Amino acid sequence: MSYETILTEKRGAVTLITLNRPQALNALSSVVLDELIEAFAAFEADDSQRCAVLTGSGEKAFAAGADIKEMSDKQAADFYLEDFFSKWTSHLVKAVRKPWIAAVNGFALGGGCELAMMADFIIASDQAKFGQPEIKLGVAPGMGGSQRLTRAVGKSKAMEMCLTGRMMGAEEAERSNLVARVVPHDELMTEAMKTATTIASMPPMAAMVNKEMVNSAFETGLDQGVALERRLFQILTASEDKAEGMAAFIEKREGKWQGR
Ligand code: CAA
């Protein structure tokens, strides 16, 4: 499948998706959104693919935000009637049950930061910069930034970033729990692909269940979350991969996964 604004490639069981508008710092136009939705749907539907990595092309940016040039001519009624930005969460977060990683290679600003935060976790280059500078445009985050950033880094830092538009460097982002890990810029894709390959080698249904469990921590209270975890754990114990995983451990060999 070929796209206009993104590149996709299967590397073994890992799908690599690259935002590919480097001349616009990979700004997220509506074409990018439509193509990302298609690419993630294809990844989700392909049984041979078990983890995805999303990154940006070019040296400077993961994505510098929603496309300001596209938005500048739109009126409030257009944004409201199109329910602008609503598809990002429904198609890239809710509809993708397999794990995916954002490999942030540079600026992740506005919608770019919000897109990275939709990933299951972020691995950042030491040159990455995160921010929600929408206030400087007279607006505010629109793709979940005020909620996901606050849950990740806490109120004080999220509030400061949203109110000032200040960018956060990679080291601060790791210290603040926004990213899982920072790696030297040149090693970003090697490290992200290595991590994705490790995830892809795990029992696939167990990977999906682990993802669902951790995500539920953001949606439920502790009692409900722990109850959901217990039920999902119990369901997994009925899987073929549980029988294989435990037998493989006891027999001191690698497991061979059925994905069920
Ligand atoms: N939309 C459209 N085009 C963008 C863009 C964006 N978000 N960000 C950068 N570009 C374009 C620039 O217009 C420029 O294009 P031209 O060469 O045609 O002029 C090109 O990318 C290179 O950008 P700069 O020349 O500005 O590069 P720089 O290195 O000097 O600065 C930057 C880099 C600090 C990231 C700067 O580009 C910038 O501030 N970008 C906008 C960041 C921003 O405000 N993002 C939030 C967008 S709103 C949003 O995302 C809403 C939401 O919550 C969903």
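Results, tabulated for the structure shown:
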| read-out | value |
| --- | --- |
| Solvent-accessible area, 1.4 Å probe, carbon plus sulfur percent, for the chain | 56 percent |
| Square roots of 5 times each gyration tensor eigenvalue, C-alpha, the range 185-260, largest first, Å | 25, 22, 8 |
| Listed residue (110, 15, 215) projecting farthest to the positive dipole end of the chain, Cβ model | 215 |
| Contour excess over end-to-end distance, with Cα ends at residue 60 and residue 187 and 0.36 nm allotted per residue | 44.2 nm |
| Whole-Å distance, taken between Cα centres, linking the range 1-48 and the range 238-253 | 35 Å |
| Reference-scaled alpha-carbon Rg (2.2 N^0.38 Å with N residues) for the range 26-142 | 1.06 |
| Per-residue ³J(HN,Hα) for the range 68-76, Karplus 6.51 cos²θ - 1.76 cosθ + 1.60, θ = phi - 60°, Hz, x for Gly and Pro | 5, 5, 5, 6, 5, 8, 7, 9, 3 |
| Near-label residues of the range 104-126 by backbone N, under 20 Å of a point 7 Å along Cα→Cβ of residue 72 | 109-112 |
| Angle in degrees between helix 222-236 and the longest Cα principal axis of the chain, rounded to the nearest 10 | 50 degrees |
| Contour excess over end-to-end distance, with Cα ends at residue 212 and residue 136 and 0.36 nm allotted per residue | 23.8 nm |
| Nearest-0.05 FRET efficiency for residue 45 and residue 180, computed from C-beta distance (R0 30 Å) | 0.65 |
| Surface per residue (accessible, 1.4 Å probe) for the range 76-124, Å² | 38 Å² |
| Residue 86 paired with residue 201, simple spin-label distance in nm, labels 7 Å along Cα-to-beta-carbon | 4.3 nm |
| Overall form of the range 106-236 per C-alpha gyration tensor (a/c, 1.5; a/b vs b/c) | oblate |
| Residue 226 paired with residue 37, simple spin-label distance in nm, labels 7 Å along Cα-to-beta-carbon | 4.0 nm |
| Isotropically averaged projected area of the chain, using the convex hull of Cα atoms (one quarter of hull area), nm² | 15.0 nm² |
| The chain: calculated mean residue ellipticity at 222 nm from DSSP helix runs of at least 4, using -39500 (n - 2.57) | -12500 deg cm²/dmol |
| Given 10/60; 10/211; 87/256; 98/242; 74/136; 136/211, the pairs whose alpha carbons are separated by over 28 Å | 87/256; 136/211 |
| Förster radius 30 Å - calculated FRET efficiency between residue 95 and residue 234, Cβ distance, rounded to 0.05 | 0.75 |
| Length-normalised contact order of the chain in % [C-alpha pairs under 8 Å, at least 6 apart] | 16 percent |
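The values are calculated or read from the model by the stated rules, or taken from the named source; none is laboratory data. This is a predicted model, so every value here is computed, not measured. Cβ sites come from the backbone with ideal geometry, for glycine too, and all protein chains shown count toward neighbours. Just so you know, the surface numbers come from the protein's heavy atoms only, side chains and all, with ligands and any DNA or RNA stripped out. Shrake-Rupley method; radii C 1.70, N 1.55, O 1.52, S 1.80 Å.
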